[in-house]
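Working notes, beginning with the structure itself.
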Amino acid sequence: MSGEGNGNNEDDKSLEGLRQLIRMLAVKSGIDEAMADDLFDLLLTVDPEKGISDEEVEQMKGYKQADVRKVFRIFYDLRIASYRRGKHPDTGATRYYWYLDSRDADLALLRRKKQVLEKLKMRLEYERSNEFYVCPKDGTRYTFDYAYEYQFTCQKCGTMLVPEDNSSYIRVLENRISRLEEEIKRDERQIFGH
Ligand SMILES: [Zn+2]
């Protein structure tokens, strides 16, 4: 297994994260999530120099223009898509030509990775600064303070709690954090150069 392969895998995961976010926002706006997913795939294939109008999407895919605009608006708010104003080739009416801004998409992914990094760091801090107790029967986890308050018995089943060694979990978190930090550095070099 090469480091390269790992990196690509991480990128796939991040892209999947972005897709999940898009689906969630689509549902929130009352739009079919499969359609939002489909339009994201479509924009991935569109030449950014040309872009695609809502009318062209309607002709290609059969989606209503108003719905297409709503989805593009979601992409725009996520800052992964932009548009330029143009003229309709036949009627001369103003049209908007949408395209996926790959640099913006990269930036959106980078922002997400940084958010994940912050959460992991907070989790690590929490794990390092607390002692934990665990129920040997059902695995319920307690901080020392809670375990003490409950007189070291599990609140679910009443079993006596035992101290938990979280050092291997801490190592997992540390590894994940350093890998993500390297990945972020690499992404920043790619996006901003140097
Ligand atoms: Zn229990």
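What GluC sites (Glu not before Pro) in the stretch 92-166 are in a loop by DSSP, with at most 15 other Cβ atoms within 10 Å of the Cβ? Intermediate values should be presented prior to the final figure.
Numbers: sites: GLU118, GLU125, GLU127, GLU131, GLU149, GLU164; in loops: GLU131.
Qualifying residues, ordered by number: GLU131.
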Exercise for review: Return one whole number: the accessible area per residue of the chain in Å², for a 1.4 Å probe.
Suggested key: 65 Å²
Study note, to complete from the structure: Going residue by residue through the stretch 28-41, the Karplus relation 6.51 cos²θ - 1.76 cosθ + 1.60 with θ = phi - 60° gives ³J(HN,Hα) values, rounded to whole Hz and with x marking Gly or Pro, of 4, 8, x, 10, 4, 5, 5, 5, 4, 4, 5, 5, 5, 4
Practice item. For SER167, SER53, write out the residues from largest to smallest accessible area, computed with a 1.4 angstrom probe and no ligands counted. Key: SER167, SER53
Practice item. Can you send over the carbon and sulfur percentage of the accessible area for the chain, probe radius 1.4 Å, protein chains only? Key: 49 percent
Point to revise | Ellipsoid equivalent to the chain - semi-axes via the Cα gyration tensor, in Å | key: 47, 21, 12
Review point. Using the Karplus equation 6.51 cos²θ - 1.76 cosθ + 1.60 (θ = phi - 60°), what ³J(HN,Hα) coupling, rounded to whole Hz, does each residue of the stretch 107-123 give in order, writing x for Gly and Pro?
Key: 5, 4, 5, 4, 4, 4, 4, 5, 5, 4, 4, 4, 5, 5, 5, 5, 4
Exercise for review: Determine the dipole magnitude for the chain: charges of +1 sit on the beta-carbon of Lys and Arg, -1 on that of Asp and Glu, nothing else is charged, the reference point is the Cα centre, and the result goes in debye to the nearest 20.
Suggested key: 440 debye
Revision key, fill the gap. Ranking PHE144, PHE192 from most to least accessible area with a 1.4 Å probe gives PHE192, PHE144
Check your understanding: Mind listing the phi-derived Karplus ³J(HN,Hα) values for the stretch 63-77, rounded to whole Hz, using 6.51, -1.76 and 1.60 with θ = phi - 60°, and x for any glycine or proline?
Key -> 6, 5, 4, 4, 5, 4, 4, 4, 5, 4, 5, 4, 4, 5, 5
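The values are calculated or read from the model by the stated rules, or taken from the named source; none is laboratory data. Keep in mind it's a predicted model, so treat the numbers as computed, not measured. FYI the Cβ positions are ideal-geometry reconstructions off the backbone, even for glycines, and counts take in every protein chain you see. Heads up: the accessible areas ignore ligands, DNA and RNA and are worked out on the full protein's heavy atoms, side chains in. Shrake-Rupley method; radii C 1.70, N 1.55, O 1.52, S 1.80 Å.
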